[in-house]
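Have a look at the structure below before the remarks.
The values are calculated or read from the model by the stated rules, or taken from the named source; none is laboratory data. None of these values were measured; they are calculated from a predicted model. Neighbour counts run over all protein chains shown; Cβ positions are idealised from the backbone, glycine included. With ligands, DNA and RNA removed, areas are computed over all heavy atoms of the protein, side chains included. Shrake-Rupley method; radii C 1.70, N 1.55, O 1.52, S 1.80 Å.
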Amino acid sequence: MKIYDITAIARPIDLKYPTNKAIVLLSMMVIVASTLFQTVTGQGFLDSVWRGFIASLAVFLSWAIARELDPEYDLSAFVTAGLSLFGLIFFGDPIIIVLFWILLLTRVVNRTSGLPARMLDSLFLLALAGWLTFYGNFIVGLMTSLAFLLDGILSRPRRHQLLFACLPLLIIAIPFYLNGIKFGENELSLTLELAVVVVSLLFLLIIFDSRKVRAVADQTAELLDPVRVQSAQVLALATAILISLLHGSPGIVAIMPLWAAIVGTLLYRFYILAKTSFHHSG
């Protein structure tokens with residue numbers, strides 16, 4: 001049995017590709033380096049290993065999310081991985097389960113595997129989003145509902161996703177009824193607010209440029225649908241903005257690898273633009 005017999009949104013790491021080997025090696029190095037660092041600074045061994053594992057997952061997920069945001073250029077994901085390493089040092093550990101949810105969310109919409117989400121994929125994403133939403137993260141429910149809606153109306157739609165789009169909204173109503181929807185008590189500093197605004201505006205250039213995406217799907221080798229790619233980019237950016245503005249600095253820390261993916265793809269695109277301009281001028 002192959003993995004695609006079970007799920008359509010997985011993207012297995014094929015070690016025949018040098019970039020995949022590189023991210024696996026980097027992830028292993030992060031585990032070792034982080035574990036040693038935590039141990040030297042006085043943490044217990046088991047706690048150090050756990051922190052190293054979390055750090056490795058954060059770097060890997062940032063790389064994976066960047067591949068979804070910028071399927072055109074594989075190397076932008078490594079710029080992202082580097083930024084995530086710095087983010088882990090300066091900001092601390094993000095919330096891994098939220099990053100995993102963001103990764104699945106984008107894959108349902110952009111279909112980088114080339115296959116539409118299966119019923120089991122939708123049920124798993126709904127269960128994950130429902131669990132996160134029930135504990136007060138109503139943005140998760142809102143964005144999940146939007147992802148299902150997009151998958152149900154964009155090219156080659158899966159109409160049953162329209163039903164799934166309604167369910168997260170019902171889940172949002174449960175904690176709202178019990179406790180009311182609580183916004184984060186932490187506010188962003190003016191500097192961070194400006195950074196969010198500037199980075200978000202610049203990322204719109206990536207979204208606009210993706211109208212001519214030339215990347216192909218993993219399983220079908222067909223060109224990715226530009227509208228689906230752009231929709232996933234908008235969804236990820238909106239998620240980053242809402243979590244950051246509503247939950248303040250802790251929100252940014254929680255999804256730091258997502259911001260690293262947004263900034264990393266931007267930096268790599270600027271590098272490509274500068275490189276192209278240099279060659280043309282030469």
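Sorting the Cα pairs of segment 1-122 by distance into bins of 10 Å, from 0 upward, gives 13, 39, 32, 13, 2 percent per bin. Taking every Cα-Cα distance in segment 222-277 and sorting them into 10 Å bins from zero, the calculated P(r) comes out as 22, 38, 31, 9, 0 percent. Here the spin labels are modelled as points 7 Å beyond Cα on the Cα-Cβ line, and at Phe90 and Lys275 they lie 2.5 nm apart.
Packing, taken as the mean count of other beta carbons within 10 Å per residue, orders the peptides 56-64, 118-126, 220-228 from highest to lowest as 56-64, 118-126, 220-228. Could you work out the relative contact order of the chain? I mean the mean sequence separation of Cα pairs under 8 Å and 6+ apart, divided by the number of residues, in percent. This gives 25 percent for the chain.
Here segment 123-282 yields Rg over Rh of 1.03, to two decimals, using C-alpha coordinates and the Kirkwood radius.
Candidates Gly52, Leu25, Ser231 compared by Cα position along the dipole of the chain: farthest toward the positive end lies Ser231, with charges placed on Cβ. Over the Cα atoms of the chain, the radius of gyration divided by the Kirkwood radius equals 0.97; this is the Rg/Rh ratio. Between Trp131 and Thr191, the contour length at 0.36 nm per residue exceeds the Cα-Cα span by 18.3 nm.
How much area per residue is accessible in segment 1-137 when the probe is 1.4 Å and only protein heavy atoms are counted (Å²)? If you can, show how the numbers build up before the last one.
Values: 6640 Å² over 137 residues.
Accessible surface, normalised per residue, equals 48 Å².
Peptides 135-143, 88-96 ranked from most to least packed give 135-143, 88-96, packing being the mean of other C-beta atoms within 10 angstrom over each peptide's residues. Note on segment 23-87: Cα-Cα pairs beyond 16 Å make up 45% of the total pair count. Panel note: the C-alpha atoms of segment 81-147, placed on their principal axes, show extents of 39, 31, 17 Å (largest first).
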